Amino acid sequence: MIRRFLTCLAATMMLGLPAITEAAPLRIEITNGVIEALPFAAPDFVAESSNASQLAKDIAQVVADDLSGTGLFEEIPDSAFISTITSFSSPVQFADWKAINAEALISGAVSVQPGGGLTVKFRLYDVFAGTELGSGLQFTGTQDGWRRMAHKVSDAVYSRITGESAYFDSRVVYVSETGPKNDRKKRLAIMDYDGANLQFLTDSRAIVLAPRFSPTGDRILYTSYETGFPRIYVLDVASVRRRVLEQQNGTMSFAPRFSPDGQTVLYSLTQGGNTDLYKMDINSGRTQRLTSAPSIETAPSFSPDGRRIVFESDRSGTQQLYIMDANGGEPRRISFGQGQYGSPVWSPRGDLIAFTKQNKGRFHISVMRIDGSEERVLTSSFLDEGPTWSPNGRVIMFTRETQGANGKASLFSVDITGRNLRRVRTQGGGSDPSWSPLQE
Amino acid sequence: MNLAMNKGLTRALMLTGALALAACTNPGAGDDVYLSGDPSAGGVAGVQGDPSSPAYFQQTVGDRILFAVNESTISPTAASTLDLQADWLLQNMDFSAVIEGHADEQGTREYNLALGARRASEVRQYLIQRGIAPNRLKVVSFGKERPISICSDESCYSQNRRGVTVLSAS
């Protein structure tokens with residue numbers, strides 16, 4: 001198999017290290033079947049300047065955590081190591097790593113420049129083949145950006161071994177929740193996908209709901225009650241400035257999502273008790289009504305090519321999923337199983353739809369193909385809802401709320417195979433996650 | 001050194017600083033704000049004994065009605081409460097109302113917002129039929145965002161599936 005080289009990474013190949021083009025056996029096929037986690041070793045990176053030793057350790061740990069967190073890789077602890085890596089350029093003692101069954105070895109080096117800049121480089125080895133997998137990569141940035149550089153290393157390792165794009169250098173915007181169920185305070189918060197670098201985007205004076213990233217991650221759509229009524233706002237991530245998008249008197253607007261080109265916003269508007277789908281050109285503010293039915297039409301999501309919309313409607317008497325043309329027209333129902341179907345989201349690859357399913361008093365995160373076939377339940381709990389896709393379409397993050405008077409909402413993630421269910425680290429409670437694209 | 005990469009990270013850091021600053025500078029709410037009708041919110045003033053007070057409306061007339069699961073139909077019990085509300089509103093022309101629609105937690109967020117809107121709208125239509133001027137009645141849905149009973153069974157859910165008529169000065 002020929003390795004795909006990651007041209008999308010803004011990084012430099014190190015000089016004097018020709019790319020390996022030879023086939024190598026180190027590979028995880030994550031498209032089907034049961035996966036045995038691939039054992040890897042990520043020893044502390046080598047500190048190439050005297051003040052980089054802590055960063056060298058921390059960066060290796062973030063890389064190890066990223067990879068282990070996928071459930072596809074298994075970290076071999078430092079205590080098992082026979083040898084360690086003290087020089088980035090010295091030949092690797094493959095036998096020592098083979099002996100502890102490390103199939104992949106990640107070596108790296110970190111240096112802090114006199115001006116304060118940070119350089120991180122790494123190599124990935126296929127231990128059993130005794131070869132380097134891909135070429136060494138080097139990232140440069142500022143010291144405060146060290147976690148992003150670590151995630152870039154993880155992204156490259158994941159891509160080289162799985163042959164798929166990754167998702168570690170990404171962010172999540174969500175609703176941070178504190179306080180009891182009958183006095184819950186909600187604020188928009190943004191963090192790295194792994195919970196680091198948390199920042200709040202709003203205060204808790206008004207209820208905020210369901211933030212959604214733009215396709216480039218530069219803007220966030222959300223619903224806020226700051227006027228006392230639900231209205232859609234768009235927030236610029238860099239400046240944290242926001243403006244209201246939709247404020248017709250006597251209406252409510254909610255459930256916004258961007259089109260793949262970031263120019264159009266799909267949303268629900270309620271007038272006279274009836275909720276229908278609309279879209280708006282975000283620059284001109286011009287709106288177009290897409291449905292006109294007495295039933296509830298809400299939670300719309302574009303296909304990745306922007307030509308179709310999946311949404312939920314109770315026109316049949318219960319909540320079901322429908323697909324229609326992005327300009328309206330006759331919707332086609334795609335959900336026919338037991339229970340109610342809601343909050344559908346089209347996958348970034350275009351082949352699947354993730355949704356919330358409510359059946360017999362339980363809630364599930366599930367996926368189906370876009371024709372409604374091969375429905376697959378991924379999770380089950382008292383209340384799971386609101387799926388969002390990882391940038392590579394492999395993982396789904398969602399809200400899980402526990403039962404009872406002390407019930408709390410948290411973020412969870414699960415692989416689209418249904419494996420690797422994990423709680424996402426947040427400060428306090430969290431709901432309504434939206435996963436950003438991979439950062440540039 | 002790679003300039004593109006460097007620039008990306010630097011920008012990310014500046015952004016972090018901006019977020020920290022902005023977190024506490026959101027301006028206050030707009031002009032059509034009203035106080036929530038739930039007793040815990042402390043939005044009701046006046047003496048209960050005074051029949052023209054909001055407190056009397058809330059506690060003696062009855063400011064809320066309940067709905068069945070996934071329904072927005074006004075039950076006979078609810079209708080008699082709304083009849084009293086209409087009478088009170090006809091006698092106390094200084095007041096307008098915002099009708100809140102609420103849902104229980106057994107449903108997705110978006111659907112519950114839409115369902116709450118249906119409920120609030122049904123209440124509004126009923127009051128209009130009983131002679132209240134449409135321009136005195138606004139509606140809002142809180143979906144499942146504002147439960148008043150917090151257990152996870154029907155005894156609480158039935159209290160949370162509600163329409164609440166919240167008075168405001170005209």
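Every number in this text was worked out from the coordinates using simple rules, so none of it is lab data. Note that the structure is a prediction, hence the values are computed from the model and not measured. Here Cβ is always computed from backbone atoms with ideal geometry, including for glycine, and neighbour counts include all displayed protein chains.
Annotations
- Look at the alpha carbon pairs under 8 Å that are at least 6 residues apart: their mean separation over the length of chain A gives a relative contact order of 11 percent.
- Size of segment A:12-162 as Cα extents on the principal axes (Å, biggest first): 49, 32, 28
- Percentage relative contact order, segment A:35-77, counting C-alpha pairs under 8 Å, at least six apart: 53
- Charge dipole (Cα centre; +1 on Lys/Arg Cβ, -1 on Asp/Glu Cβ; no other charges) of the protein assembly as shown amounts to roughly 660 debye.
- Just so you know, the Rg over Rh for the protein assembly as shown is 1.04, from Cα atoms, with Rh as the Kirkwood radius.
- Annotation: Cα Rg of segment A:172-435 relative to the compact-globule expectation 2.2 N^0.38 Å equals 0.94.
- Most mobile listed residue (A:I232, A:I190, A:I35) in chain A, GNM with C-alpha springs under 10 Å: A:I35
- Measuring against 21 Å, Cα to Cα, the residue pairs A:K185/B:K144; A:K57/A:K121; A:K121/A:K152; A:K185/B:K138 contain A:K185/B:K138 as the ones spanning a longer distance.
- Inter-part distance, segment A:256-276 to segment A:311-375, computed on C-alpha centroids, equals 17 Å.
- Contact order for segment B:100-170, expressed relative to its length and based on alpha carbon pairs under 8 Å spaced 6+ residues apart, stands at 45 percent.
- Using a Gaussian network model of chain A in which every pair of alpha carbons under 10 angstrom is joined by a spring, one finds that among A:L321, A:L26, A:L266 the greatest mean-square fluctuation is at A:L26.
- Overall form of segment A:205-272 per C-alpha gyration tensor (a/c, 1.5; a/b vs b/c): oblate
- Degrees, to the nearest 10: A:53-69 long Cα axis against longest axis of chain A: 50
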